[in-house]
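Report on the following structure.
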Amino acid sequence: MADRKTGRIVRSLSGFYDVQTQQEIVTCRGRGHLRKGQEIPFTGDMVEITVEQGKGMVEKILPRKNRFIRPAVANIDALVVFASNVNPITEPFLIDRVAAIAGEQEVPVYICVNKCDLDPATDLVRIYRHAGFPVISASAVTGEGVDELRKLIRGKLTAFTGNTGVGKSSMLNALCPELSLATGAVSEKLGRGRHTTRHVELYPLGEDTYVADTPGFSSFDTEQMDVILKENLQYAFPDFAPFLGKCQFHDCSHRAEPSCAVRQAVEAGEIEKTRYESYLRLYEKSSQIKLWELK
């Protein structure tokens, strides 16, 4: 007779799921009805499993509080977006798209500007502090910002995400040296890193703290991310909040309408120009979404 248990998926790789129960970690496959219903278990999911003769099956995904397509995680308490201004240089749009997706799901976003020993990334730090995000200037090499980040994520299930080569695994090693995660060199010519993390895995850091290290992404990969309806996009930018509802038109898209409070705030320097440019790019993408495609 199969033994039924509840646990959390701590690792997902090639259709296999490592589920942490109260007693042990059980490697499972997904039951067929999940695939037929197009329910894909994600790292971070709480699931019901059955274990029979040492083999585990994921039977049911329990209700989620959130879920992200890229990074492929669920039930997180916060998202740390890594960026750098040197080898590779992070385009603000990459940060803004991830932050907007998290913002729509009301998941707190922290910005960790890594490799500050090589370049302090003054503009990136200024932009996101001005936009209201907690920003940490850090270096996995020198240890700058490591303790600050550790305090910020303590007691939470946090996902690390960012473009390839920005140093997520290196920072995890700095937070917990015994992990000894593989890290990759960044190509000086291309300014891109190799994908050293190829799956999503939860790592325990003590004090009820867990971090999901996720594969890096490029500009192209953002096409595979979650979509936000254009009507909701303005609410995914927290720095727009003080100006919403103050435009001449109640349905203002903040693009070309007269007397737009958001555009006036951009012109006055109250909203960062790069943030507004990212909003326009995302609005254009959102305008191409057909509602029937989301069903």
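The values are calculated or read from the model by the stated rules, or taken from the named source; none is laboratory data. Small disclaimer: the values here were computed from a predicted structure and weren't measured. All Cβ positions, glycine included, derive from the backbone under ideal geometry; neighbour counts span all protein chains shown. Each accessible area value is taken on the protein alone, full model and side chains, heavy atoms only, with ligands, DNA and RNA left out. Shrake-Rupley method; radii C 1.70, N 1.55, O 1.52, S 1.80 Å.
Summary of values
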read-out	value
Selection status of Thr50, within 30 Å of Thr21 (Cβ to Cβ), among the polar types (S, T, N, Q) and surrounded by 18 or more Cβ atoms within 10 Å (Cβ to Cβ)	yes
1 or more residues closer than 24 Å to Leu280 by Cβ and touching a residue at least 40 places away in the same chain (Cβ under 8 Å): qualifying strands (runs of 3 or more DSSP E) within the stretch 55-113	78-83
Residue within the stretch 22-39 that is in contact with a strand residue (DSSP E or B) (Cβ under 8 Å, 6 or more places away or on another chain) and assigned to a helix (DSSP H, G or I) present	yes
Residues located in the stretch 233-289, provided they are free of Cβ contacts under 8 Å to residues at least 24 places away in the same chain, assigned to a helix (DSSP H, G or I), exposed (fewer than 15 other Cβ atoms within 10 Å of the Cβ) and of a type in the set (A, V, I, L, M)	Ala241
The stretch 8-35, residues that are among the small types (Gly, Ala, Ser) and open to solvent by less than 70 Å² (accessible area, probe 1.4 Å)	Ser12, Gly15, Gly30, Gly32
Verdict on Asp96 being within 18 Å of the chain's Cα centre (by Cα) and open to solvent by 40 Å² or more (accessible area, probe 1.4 Å)	no
Counted residues, the stretch 128-145 - those being under 19 Å from the mean Cα position of the chain (by Cα) and more than 13 Å from Pro108 (Cα to Cα)	6
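Here's the yes/no breakdown for (1) under 16 Å from the mean Cα position of the chain (by Cα); (2) modelled with pLDDT under 90:
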{"position": "Val166", "(1), (2)": "yes, no"}
{"position": "Met171", "(1), (2)": "yes, no"}
{"position": "Ala174", "(1), (2)": "no, no"}
{"position": "Ala185", "(1), (2)": "no, yes"}
{"position": "Gly191", "(1), (2)": "no, yes"}
{"position": "Thr196", "(1), (2)": "no, yes"}
{"position": "Leu202", "(1), (2)": "yes, no"}
{"position": "Gly206", "(1), (2)": "no, yes"}
